[in-house]
1. Taking into account only those residues within the stretch 93-123 that are under 18 Å from the mean Cα position of the chain (by Cα) and not in a strand (DSSP E or B), which is surrounded by the most Cβ atoms within 10 Å (Cβ to Cβ)?
2. Are any residues in the stretch 180-192 more than 22 Å from GLY36 (Cβ to Cβ), among the hydrophobic types (A, V, I, L, M, F, W, C) and either free of Cβ contacts under 8 Å to residues at least 12 places away in the same chain or part of a strand (DSSP E or B) (or both), and if so, which ones?
3. Evaluate the stretch 239-252: report whether one residue or more is part of a strand (DSSP E or B) and among the aromatic types (Phe, Trp, Tyr).
4. Take the residues in the stretch 124-179 that are within 24 Å of the chain's Cα centre (by Cα), touching a residue at least 40 places away in the same chain (Cβ under 8 Å) and assigned to a loop (DSSP other than H, G, I, E, B); name whichever of them is surrounded by the fewest Cβ atoms within 10 Å (Cβ to Cβ).
5. Restricting the stretch 181-233 to residues that are surrounded by fewer than 19 Cβ atoms within 10 Å (Cβ to Cβ) and of a type in the set (Asp, Glu), which is nearest to MET57 (Cα to Cα)?
6. For GLN65, which of the numbered conditions (1) without any contact (Cβ under 8 Å) to a residue 60 or more places away in the chain; (2) assigned to a helix (DSSP H, G or I); (3) closer than 27 Å to ILE18 by Cα; (4) not hydrophobic (A, V, I, L, M, F, W, C) fails to hold?
7. From GLY218, GLY207, GLY239, grab the single residue that is over 20 Å from SER35 (Cβ atoms) and either outside the structural domain of ARG164 (by TED's automatic domain parsing) or in contact with a Gly (Cβ under 7 Å, 6 or more places away or on another chain) (or both).
8. Quick check: is even one residue across the stretch 41-62 in a strand (DSSP E or B) and surrounded by fewer than 22 Cβ atoms within 10 Å (Cβ to Cβ)?
Amino acid sequence: MSDPRTPILEVRDLATSIGPRGPDILCGVDLQIASGEVLGVVGESGSGKSMLALSVMGLLPRPVQVRSGSVRLQGRDLLTLPPVQLRTLRGKDMSMIFQEPMTSLNPVMRVGQQIGEVLRWHRGLEGAAARAEGIALLQRVEMPNPQRQIDAYPHELSGGMRQRVMIAIALAGQPRLLIADEPTTALDVTIQAQILELIRRIQRDDGMAVMLITHDLGVIAEMCDRVAVMYAGRIVEQGSALDVFDRPAHPYTRGLLASRPRISDGSQWLSTIEGTVPAVGQAGPGCSFAPRCPLATPACSQLPALRSVGPGHQAACIAATPALEPQP
């Protein structure tokens with residue numbers, strides 16, 4: 001049995017850019033996920049969360065490409081593999097749940113056919129055996145009446161049912177790493193809770209490593225063991241969920257946490273972070289958050305590196321210090 005502390009995924013100094021000489025979308029990204037661990041990746045839209053997932057999966061749209069760094073899955077550098085070998089790993093050793101199932105599922109193929117493609121390619125199942133396994137997968141993701149829905153087309157299913165199909169497809173190859181990119185987008189809160197609980201239960205049962213990408217801090221707090229906060233293509237803070245939520249060290253993380261609505265605040269205006277995330281290629285040479293940061297100084301013209309602010313807790317800020325008291 002493998003050591004649960006051994007990283008399933010290791011990303012080192014990853015840089016993704018628009019063409020070989022274009023601006024960086026991701027720069028200097030370092031992270032790892034151990035077996036049985038859920039890593040939450042959080043940040044505003046435009047922070048680079050989805051591009052990180054696509055870089056790991058090898059699904060970047062042209063002309064976007066990985067410029068440098070390494071992405072190791074169970075010790076194998078995915079960036080050095082030829083496309084044929086990468087395709088054999090994708091869907092088997094690593095899978096992804098995409099953000100919008102209606103645009104990710106093939107509209108002219110039945111549910112069983114789409115699950116069956118993975119079963120045939122990665123597990124050698126065809127015909128009646130593939131159909132039986134497809135029904136079993138739909139039962140596992142708690143699809144109502146799976147014997148009937150396996151013959152349905154995506155447009156015949158509700159949003160929550162389509163997302164369950166996406167999860168079944170992702171699980172069909174029995175992956176060790178699951179990447180979930182905003183898996184509850186456009187779902188109502190009741191279905192959202194069901195989908196998240198389903199992912200968490202399956203992760204615990206199978207001991208998978210999970211990268212959960214979201215902008216919802218409530219989801220991160222409930223689901224994740226560790227958190228990586230992204231801003232303008234970089235990780236600006238990472239640590240255990242307890243440290244990041246109770247003792248945030250980076251001003252950006254503090255701003256995100258302060259923007260959460262609280263029942264105790266009544267009808268008061270929500271706190272906001274002034275400004276917007278810089279567009280690709282528009283960030284300055286120093287700290288990209290400095291134009292929006294209330295603590296910015298002339299020293300922020302130099303790019304800060306991630307540094308330790310506590311055991312297993314890092315932040316990329318020259319003034320980074322964890323809060324002395326837990327955040328309310």
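1. PRO101
2. VAL189
3. For the stretch 239-252, residues part of a strand (DSSP E or B) and among the aromatic types (Phe, Trp, Tyr): absent.
4. Among residues in the stretch 124-179 that are within 24 Å of the chain's Cα centre (by Cα), touching a residue at least 40 places away in the same chain (Cβ under 8 Å) and assigned to a loop (DSSP other than H, G, I, E, B), the one surrounded by the fewest Cβ atoms within 10 Å (Cβ to Cβ) is GLN174.
5. ASP206
6. Status for GLN65: all satisfied but (2).
7. Every option except GLY218 fails the conditions.
8. No.
The values are calculated or read from the model by the stated rules, or taken from the named source; none is laboratory data. Computed from a prediction, not measured in an experiment: that's the story for all the values here. When we count neighbours, we look across all protein chains shown, and the Cβ atoms used for this are built from the backbone with ideal geometry, even at glycine.
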